Amino acid sequence: MRERKVRLMAQSLAATPASRCLSLIAFGCLALTPYLLSQQPPPALATSQAATAPLPTLVYDVASIHKFKPDGGPMMVYMRTNPDGLTASHTRIKSLVCLAYGVSEYQVTGGPEWVSSDFYDVTAKMDDSAMETLGKLSKEQKDLVRQQMAQTLLADRFKLAVHHETKQFPIYTLVVAKGGPKIHEAKPDDDYKNGLTGFDGKPGGKGMMRMQSDSGGFLISAQAFSMDRLAAQLSGQLDSHVENKTGMAGIYDFTIRFSMDDSVDASDSSAPSIFTAVQDQLGLKLESTKGPLDVIVIDHIELPSEN
């Protein structure tokens, strides 16, 4: 596969810390048959210091993009960051926009239909100099720089142009339910050698999440998961922003099984609704409210030349 040199862009693209590109996409990997494994957490919300500190302008050295073509084998859907770049398989362009701007799919509007319907395989790699520069940054700074790099890639290869708007959305807050949480805090010295494993069969370590699906619902298993990450995962399931208001600062091991039906009444399923499952199985609660969220409006985008 021929790889195309990504041209350098002089300007720095503003990264927008907001809710994450979530759940079955975003910095993890989804296998439609049969499970999801997410070893790397979504980028944490940037602190004011990380958001305002001068950041280096880095770009991917090479990138290959081509439309996904099924080969009849198991279909793997994933998007993940690697030490040297970004890899995505069977990924919609809308999901790439989410990744680049740190938002959920319901926060991206505009653009032609193929933004949501067409699937692409993307591989982007940085050179040794960029890797070295990125390695010297804090985690929050790395997250912002990676967003900038994804924005640059989309602007270069898809001619993407966007603007930001703020809109009121129905959102949820994740709080501790009456009776207290029912999940156990992870052990600081646990290396999870006997825990969840990745696609390569190796232990996933802290921050690993697996999702299994069946006709009755979803089963999520997580090890050393923060409440911010749980809120992000729930956001993806509910297609609505979930804000962590639990006050629980640790990392936790837990499992939760819920219906694929997002409604509160999931009587047709053997699994409870996500609202019931969160309360009964985790000792937490989802409360409905409204709040302002950043919206990315696609002003212009073009089909990429494949390579």
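Values in this text are rule-based calculations from the coordinates and carry no lab data. Because the structure is a prediction, the values reported are computed rather than measured. All Cβ positions, glycine included, derive from the backbone under ideal geometry; neighbour counts span all protein chains shown.
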Under the Karplus curve 6.51 cos²θ - 1.76 cosθ + 1.60, θ = phi - 60°, whole-Hz ³J(HN,Hα) for the stretch 249-255, x wherever Gly or Pro sits: 8, x, 10, 9, 9, 6, 10
For SER288 and SER129 in one chain, what is 0.36 nm times their gap in residues minus the Cα-Cα distance, to one decimal in nm? 52.6 nm
Show me the ranking of peptides 245-257, 79-91 by mean Cβ neighbours inside 10 Å, starting with the highest. 79-91, 245-257
Would you mind checking the pairs LYS139/LYS167; LYS94/LYS142; LYS167/LYS245; LYS139/LYS285; LYS159/LYS245; LYS139/LYS187 and listing those with alpha carbons more than 31 angstrom apart? LYS159/LYS245
What residues of the stretch 117-131 lie in the reach of a label at LEU303, counting those whose backbone N is under 17 Å from a point 7 Å from the Cα along Cα→Cβ? 117-121
